[in-house]
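Written out below as structure tokens is the structure these notes cover.
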Amino acid sequence: MDRYENQSPIGYKIGLLLILSAGICWSFMGLGIRFMESANVWQILFYRSCALAVFLFIIISFRSKNRPMTAIRDAGITAVVGGTGLVFAFSGGIFAIQSTSVANAMFLFAAAPFIAAFLAWIFLNEVVERRTWVTMAFALLGISIMVSEGISAGRLAGNLAAIVSAIGFAVFTVALRWGKINDMMPTVLIAGIFAIITSSLVCAFKGYSLNLPSNDLIISLVLGFFQVGLGLSLYTLGSKSVPAVQATLLSMTEVILGPVWVWLFLNEIPLFYTILGGAILLLALASNAVLSWNNNQGSTLKI
């Protein structure tokens, strides 16, 4: 690991801690949304995106030495494509957690890397290794098990929303590869702005008030600052000194801890087939990451 330690001023071990911390931040989304009193997906998205946009604008200003607009402009069309994908990821994620179990939603979110590999194969002509095709097949099996349970439990809409969220995040990932962008923050800031515009238009069209109970407003803002904004910042910093495959494994703390929080605080226990399907999907993801790491030791993999 010396190569990574030498390349990043924060060091490899600190990078590991930062990515683990990012996964922990992201894992609180389900618990936060469960504590909402009455806010719907578009109301939550509006205020969460406002907080996210403010937070990231401050961070980008600091990192770009008070030239945030230059950093945003440099992202170009990539930020537009990736930002649009994240709007679907954000809105689909919130709706999924409101409509199905947190475990079900989180496990389905974890399919994003496989969807990204498939999209990159189609649109970027990236080679997909045979092992990845095999693990994708197992991931699809896990997804099928969870979706079939969602149909029988009347949670199909929530499961489909979670898959839409995973697709949206996969589009974001592929857009970053296409644009060869290493810094995710400007693209996520654009996504936050798009989400503010989209959610405000939907609220106006549907007649949803933006006057929320103080409980829902505070949770939405905290999710924007802490869950998304801080988590993304920690991940971006950590990924500079940690190989991509290891970053993928470490950030899985989001998927693992998300269901744990709602179990501890709200006694929400996932159904058997959710656990089975999620375990198959996570095993496929972990196996692919470990095999990728074994085949790329010594190379300089970066997010």
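Just so you know, all these numbers are worked out from the coordinates, no wet-lab data involved. Just so it is clear, the structure is predicted and the values come from calculations on it, not from any experiment. In this analysis, Cβ positions are derived from the backbone assuming ideal geometry, glycine residues included, and neighbour counts consider all displayed protein chains.
Could you give the size of the charge dipole of region 20-179 about its Cα centre, using +1 on the Cβ of each K and R and -1 on the Cβ of each D and E, expressed in debye and rounded to the nearest 20?
Using only the charged Cβ atoms, the result is roughly 400 debye.
Lys pairs in the chain, Cα-Cα under 17 Å, at least 8 apart or on separate chains: how many?
5
Once you charge only the Cβ atoms, +1 for Lys and Arg and -1 for Asp and Glu, what is the size of the charge dipole of the chain about its Cα centre, to the nearest 20 debye?
On the way: 16 positive and 11 negative charges, 119 e Å.
Using Cβ point charges on Lys, Arg, Asp and Glu, the chain gives about 580 debye.
Based on the alpha-carbon gyration tensor of region 149-204 and its eigenvalue square roots a ≥ b ≥ c, which shape applies: rounded if a/c is under 1.5, prolate if not and a/b is larger than b/c, or oblate? Let's see the in-between values first.
On the way: a/c = 4.31, a/b = 1.47, b/c = 2.93.
Verdict is oblate for region 149-204.
Take the alpha carbon gyration tensor of region 1-125, find the square roots of its eigenvalues, order them as a ≥ b ≥ c, and report rounded if a/c is under 1.5; if not, report prolate when a/b exceeds b/c, else oblate. Present the calculation step by step, with values, prior to reporting the outcome.
Numbers: a/c = 1.43, a/b = 1.33, b/c = 1.08.
Rounded is the answer for region 1-125, as its axis ratio a/c remains below 1.5.
If contacts are Cα pairs under 8 angstrom and at least 6 residues apart, what is the relative contact order of the chain in percent?
Once divided by the residue count of the chain, the mean separation gives 41 percent.
Can you list which of the DSSP-assigned H helices in the chain have a Cα extent of 15 Å or more along the long axis and an average Kyte-Doolittle score of at least 1.0?
12-26, 41-63, 68-99, 112-123, 156-179, 185-206, 253-266, 272-295
How would you classify the chain from its alpha-carbon gyration tensor, with a ≥ b ≥ c the square roots of the eigenvalues: rounded for a/c under 1.5, else prolate if a/b is greater than b/c, otherwise oblate?
The shape class here is oblate.
Expressed as a rounded percentage, what relative contact order does region 163-303 have, with Cα pairs under 8 Å and six or more residues apart?
31
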